[in-house]
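Participant: Encoded as structure tokens, here's the structure I'll be asking about.
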Amino acid sequence: MTASMRRRGAAVLVSGVAATMLLAACSSSSSSESTSSAPATSAAAESSAAASGSPAASGDCAAYSAYMGHEGTKVNLFTSVLPPEQQRYEDAWKPFEDCTGIDIVYEGSDQFEAQLPTRIAGGNAPDLAWIPQPGLIAKLVSQGAAVPAPQGVVDNVDKYWNPAWKTYGSVDGTLYGAPNSSNMKSMVWYSPTVFAEKGYTVPTTWDELFTLSDQMVKDGIKPWCGGIESGGATGWPATDWLEQIVLRQSGGDVYDQWVAGTVKFSSPEITKAFDTLAGWMKNPDYVNAGFGDVKTIATTAFQDAGKPILDGKCGMLQQAGFYGAQWTSFKPDVKVAEDGDVFAFYLPQMDASVAANPVVGGGEFTVAFSDRPEVQAVQTYMSSPEYATARAIQGSNNGGGWVSANSGVDPSVYTNPIDALSVKYLTDANATFRFDASDLMPAAVGAGAEWTQMTAWFAEDKPTADVTAAIDAAWPSS
């Protein structure tokens, strides 16, 4: 599933009025109100200020000295992110606008992926866009549309991100974008209340995870629940499960070769991952708690998959951090905490010598289509800890759900415990981080054959060899 589709799916989790919010009018950031204070200036911003000779600023505006000198200019930002998240972005960067005089004009669209290439072809490209797939960045570069990131962005990415993020924001060794928001997918949801009642402890190794699963079976509890139904994107959660195993079992190099198509789905490494997944999520003793047999995984909506955890019918659910927004739809007063009704833990590594602290995640990148000085100033600011801190504070003030992989953000600003858990792993410079594989593969594979074939693998018990052969056949010849 593409990152933007996942993001829209996550928005559905947040509120039943999502359709109404999609129709809300976009407003200029100049009208936003903000309660955030100006944070300390990043090292990249300070060096940029010295090099550019930007005018000095005092008081709360001192943090934005590097970006001064562009008063009265406008920078257009195009994105798929819609209200209410739009307002939180605008509130976060309002001090930047007030101090620099640059107006960031926010334009959100639920037709982003269709409209962006049309606008570029028509000579009406935005100044900046949040690009959800590294593959799309490469395509835009090949078309001569995107421009390389300025040195300030490069400096920030080198200093504040796990090195893998730079790879995903680059094309042929040139950086085009730093991540905006990020998401952590290597999580397992569970009920601390039920664990305490049963005497279970959170597993920290892969073997412990499945020893616990076997104990739950002995105790009369189905350890796992799952759902991969998602309308036109049905099947995407299953691709996430497979990715977690490939990275943990075969390591980052094999994962990269798999994404590139040089390691096929029918290869021994990926077939082995399918076998491991079959022993986990196609195990009739393990699944599908609260819904039925293995086949019901294909027809259970991914939004509903975790509900049985709250009443003890299901032990665990492997799903991304954004699933945290779903729990209140099941129980309005739910407590999401280490001692609450529900929480999450890190999906353990298999073998540290193969992949230490493996993390699968996603995100979107701030890419420019203009190299005007004010555009470079905004792009650099959006790669800074100051921006990410201000946005994280806005997220925390509104229940959480927004995190950055920027390690320059003080972790204490993430008051939502799931956000804090996500950030712990997303900002680990030593983690074996990899971007969601299906988002990196050609659309015909990652958002096509892989979804449909893995759905058939669950719904029809289609043989693994037939599934992998069909996915390989969908790979573009060039």
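The values are calculated or read from the model by the stated rules, or taken from the named source; none is laboratory data. From a predicted model like this one, the values you see are computed outputs, not experimental measurements. Because the Cβ atoms are built from the backbone with ideal geometry, glycine has one as well, and the counts that use them run over all protein chains shown. What goes into the accessible areas is simple: the full protein's heavy atoms, side chains included, and nothing from ligands, DNA or RNA. Shrake-Rupley method; radii C 1.70, N 1.55, O 1.52, S 1.80 Å.
Participant: Would you mind working out the accessible area per residue for region 81-128, using a 1.4 Å probe, and quoting it in Å²? Mind showing how you got there, number by number?
Facilitator: Working: 1720 Å² over 48 residues.
Value returned for region 81-128: 36 Å² of accessible area per residue.
Participant: Something else: Direction-averaged shadow area of the convex hull around the Cα atoms of region 416-460, nm²?
Facilitator: 4.8
Participant: Just add up the charged neighbours of TYR168: K/R +1, D/E -1, any other residue whose Cβ is under 13 Å from the Cβ of TYR168.
Facilitator: -2
Participant: Give the relative contact order (percent, whole number) for the chain; include only Cα pairs under 8 Å separated by 6+ residues.
Facilitator: Working: 918 pairs, mean separation 111.4, N = 478.
Dividing the mean separation by the residue count of the chain yields 23 percent.
Participant: Stokes-Einstein at 10 °C, 1.306 mPa s, Kirkwood radius from Cα pairs: D for region 364-467 in µm² s⁻¹?
Facilitator: The estimated diffusion coefficient comes to 94 µm²/s.
Participant: Binning every alpha carbon pair distance of region 265-388 at 5 Å from zero, what are the percents per bin?
Facilitator: For region 265-388, the pair-distance distribution reads 2, 8, 12, 15, 14, 14, 11, 9, 8, 5, 2, 1, 0.
Participant: Place the peptides 240-247, 219-226 in order of packing, highest mean first, counting for every residue the other Cβ atoms within 10 Å and averaging per peptide.
Facilitator: Highest to lowest by the protection proxy: 240-247, 219-226.
Participant: Please report, to two decimal places, log10 I(q)/I(0) for region 307-354 at q = 0.14, 0.16, 0.25 Å⁻¹ as given by the Debye formula with identical point scatterers on the Cα atoms and no solvent.
Facilitator: These q points yield log10 I(q)/I(0) values of -0.40, -0.50, -1.02.
Participant: If you build the convex hull over the alpha carbons only and average its shadow over all orientations, what do you get for the chain? Give it in nm² to one decimal.
Facilitator: Mean projected area of the Cα convex hull: 21.5 nm².
Participant: Within straight cross-link reach of LYS218, meaning Cα distance under 23 Å, which lysines are found once same-chain residues fewer than 8 apart are removed?
Facilitator: Correct list for LYS218: LYS198, LYS282, LYS295, LYS307, LYS313.
Participant: Identify all aspartates and glutamates with a Cα-Cα distance to LYS139 below 19 Å; exclude those on the same chain that are fewer than 8 residues away in sequence.
Facilitator: The qualifying aspartates and glutamates are GLU113, ASP127, ASP172, ASP256, GLU364, ASP371, ASP436, ASP439.
Participant: Using 10 Å bins from zero, what percent of all Cα-Cα pairs in region 178-280 falls into each bin?
Facilitator: 12, 36, 34, 16, 2
Participant: Another question about this same structure. At 1.4 Å probe size, with every protein chain present, just tell me what the per residue accessible area of region 132-221 comes to in Å². Don't skip to the end; give the middle numbers.
Facilitator: Details: 3740 Å² over 90 residues.
Each residue of region 132-221 exposes 42 Å² on average to a 1.4 Å probe.
Participant: How large, in percent, is the carbon and sulfur part of the accessible surface of the chain at a probe radius of 1.4 Å?
Facilitator: Values: 9150 of 17860 Å².
Answer for the chain is 51 percent, counting heavy atoms of protein chains only.
Participant: Taking a ≥ b ≥ c as the square roots of the eigenvalues of the Cα gyration tensor of region 344-400, is the shape rounded (a/c under 1.5), prolate (a/b larger than b/c) or oblate? Numbers along the way, then the final one.
Facilitator: Numbers: a/c = 3.63, a/b = 1.72, b/c = 2.11.
Taking the square roots of the gyration eigenvalues as a ≥ b ≥ c, region 344-400 is oblate.
Participant: Still on this structure, please answer the following. Kindly give the semi-axes, whole Å and largest first, of the ellipsoid equivalent to region 56-149, taking each as the square root of 5 times a Cα gyration tensor eigenvalue.
Facilitator: 28, 16, 11
Participant: If the reach is capped at under 24 angstrom between alpha carbons, list the lysines near LYS424, excluding any in the same chain fewer than eight residues apart.
Facilitator: Cross-link targets: LYS159, LYS166, LYS185, LYS335.
Participant: Kindly state, to the nearest 0.05, the FRET efficiency for ASP253 paired with SER478, given R0 = 35 Å and r defined as their beta-carbon distance.
Facilitator: 0.90
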